[in-house]
1. Just to be sure before I move on: is K123 at pLDDT 90 or above and on the phi < 0 side of the Ramachandran plot in the structure I sent?
2. Those residues that are open to solvent by 10 Å² or more (accessible area, probe 1.4 Å) and at pLDDT 90 or above, I need them from segment 288-297; list them, please.
3. Within segment 156-167, track down each residue that is more than 15 Å from Y116 (Cα to Cα), touching a residue at least 24 places away in the same chain (Cβ under 8 Å) and open to solvent by less than 30 Å² (accessible area, probe 1.4 Å).
4. For segment 327-342, name all the residues that are among the aliphatic types (A, V, I, L, M), closer than 18 Å to K209 by Cα and open to solvent by 10 Å² or more (accessible area, probe 1.4 Å).
5. Quick one: in segment 66-82, of everything that is among the polar types (S, T, N, Q) and surrounded by fewer than 17 Cβ atoms within 10 Å (Cβ to Cβ), which residue is modelled with the highest pLDDT?
6. Do we find that L85 is open to solvent by 30 Å² or more (accessible area, probe 1.4 Å) and under 23 Å from the mean Cα position of the chain (by Cα) in this structure?
7. One residue is enough: does segment 126-140 have a residue meeting the conditions in a loop (DSSP other than H, G, I, E, B), acidic (D, E) and farther than 23 Å from P340 by Cα?
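The values are calculated or read from the model by the stated rules, or taken from the named source; none is laboratory data. As the structure is a prediction and not an experimental result, all values here were calculated from the model. Every residue, glycine as well, gets a Cβ built from its backbone with ideal geometry; the counts of neighbours run over all protein chains shown. Areas reflect the complete protein model, heavy atoms only, side chains present, ligands, DNA and RNA absent. Shrake-Rupley method; radii C 1.70, N 1.55, O 1.52, S 1.80 Å.
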Amino acid sequence: MNSIFKEVAAKFGGVSGLSISSAALNLVTTVLVVRWCGASVYADFMVDLAIVSLLLLLLEVVPSNFSVFRLQDDRQWRTVVEGHLFLVAVLLVVSVFSLAKFGVIFSDFSPWIALYAASQASKRYFDLMLQAMGRLHEFMALEVAISFVRLSYLSLGALAGYRNIDLVWGSLAAAVVSSQIIYAIKRGRTLQIDAPTSARMEAWEVARKFLPYYPGIALKRVKDNLLPLIGSWVLGSKETLGLLMLAYRGVVFASGQIRIFEALLYHRETLGKIEAMPAKTRFAVAGVAQVAAICASVVLLVLSDEPAKPYAAAIMLSFLVWPISFYSIERANALASFNPGRVNSALLAYLVFAVAAAWGVWRAGMENVYALIAVFLAAEVLQYLVMKRMRPEVA
């Protein structure tokens with residue numbers, strides 16, 4: 001058991017430093033956006049980012065959880081991935097500008113949104129290839145590069161006087177594109193997977209393998225963006241929503257470190273290793289993650305230029321880390337055993353409960369951040385319990 005834990009810990013430690021660096025840079029960027037552009041601009045950015053994230057579901061027409069393993073089994077699958085992502089990049093640009101034309105979709109539209117959306121297609125390609133090859137260090141190094149370049153562009157733009165939504169989106173889009181170009185020039189030729197050539201499958205046979213993944217892909221994307229979307233409806237104030245999302249960044253920072261364990265599962269050599277960790281280790285990880293979430297949220301609130309400091313909300317939000325950490329392990333188990341049905345059911349339970357409870361809070365006139373956080377905390381616990389309940393019995 002100790003040798004298994006040490007092996008996983010060594011691989012985790014190799015990328016954890018990079019993950020923390022990327023998260024720290026993103027936290028600094030968030031603080032500067034709020035200080036330089038205001039909480040209302042940050043709230044507009046988060047709402048529009050949630051909308052874009054829903055459009056990015058097109059990237060999952062060929063599911064990533066399927067492709068990352070298929071790339072290791074069939075060298076021809078790379079062509080499928082490349083063709084799919086190229087078409088999606090074009091569709092995303094067309095979709096963004098088409099939706100913006102109606103003027104009712106985006107909270108505060110910027111043309112940079114289209115470039116950011118298209119850049120996510122090429123980034124998905126690098127992500128899949130690096131995870132399939134087990135090169136998580138490079139995978140995280142690219143994230144650090146994007147975060148650093150984004151912070152640099154943001155600072156330069158702010159010094160030049162461009163403190164608006166275009167600066168926020170432009171620095172993000174330009175950072176993703178320029179970092180990928182540099183990586184492609186320096187390391188692009190090394191992205192070669194030594195995989196066998198599998199027998200050609202008919203289109204329907206391939207699509208049939210995808211079908212069970214689609215509900216979970218759509219439901220997870222909605223779940224990941226539900227807080228800003230429901231928050232904008234229930235709270236009503238952009239400033240309050242902006243501060244809530246700022247405090248929530250601490251949870252994102254902490255849970256991001258936990259999900260590195262999930263990323264390890266996407267390479268076949270480490271499948272099952274995380275499952276072997278004892279329960280006390282999982283509790284210790286969750287406890288440390290909660291402390292990290294509180295610290296990150298408090299630092300963000302202190303450094304922000306906003307007069308209101310919702311520290312109590314930040315502490316309440318930190319408890320989300322516990323169900324998130326335990327659910328991550330259950331989710332990894334389900335995907336590793338090609339059982340997406342468990343994931344789909346848990347996500348559906350989360351969304352139905354969260355939307356219904358949020359509606360109840362709104363109808364009862366309890367339009368405050370604490371009631372909203374309580375809704376999402378209960379939804380996370382329910383999601384974990386559903387996953388745990390559906391876990392197959394080991395004979």
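1. yes
2. Scanning segment 288-297 gives Q290, V291, I294, C295.
3. Matches in segment 156-167: A158 only.
4. Once the filter is applied, which keeps residues that are among the aliphatic types (A, V, I, L, M), closer than 18 Å to K209 by Cα and open to solvent by 10 Å² or more (accessible area, probe 1.4 Å), segment 327-342 yields L335, A336.
5. Out of the qualifying residues, it is T79.
6. Taking the combined requirement at face value, the residue does not satisfy it.
7. Taking segment 126-140 and keeping what is in a loop (DSSP other than H, G, I, E, B), we get 133-135.
If we keep only those that are acidic (D, E) too, we end up with none.
No: segment 126-140 contains no residue that is in a loop (DSSP other than H, G, I, E, B), acidic (D, E) and farther than 23 Å from P340 by Cα.
Yes/no per residue for (1) over 24 Å from L191 (Cα atoms); (2) open to solvent by 30 Å² or more (accessible area, probe 1.4 Å):
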position: S95; (1), (2): yes, yes
position: K101; (1), (2): yes, yes
position: I113; (1), (2): yes, no
position: A117; (1), (2): no, no
position: S122; (1), (2): no, yes
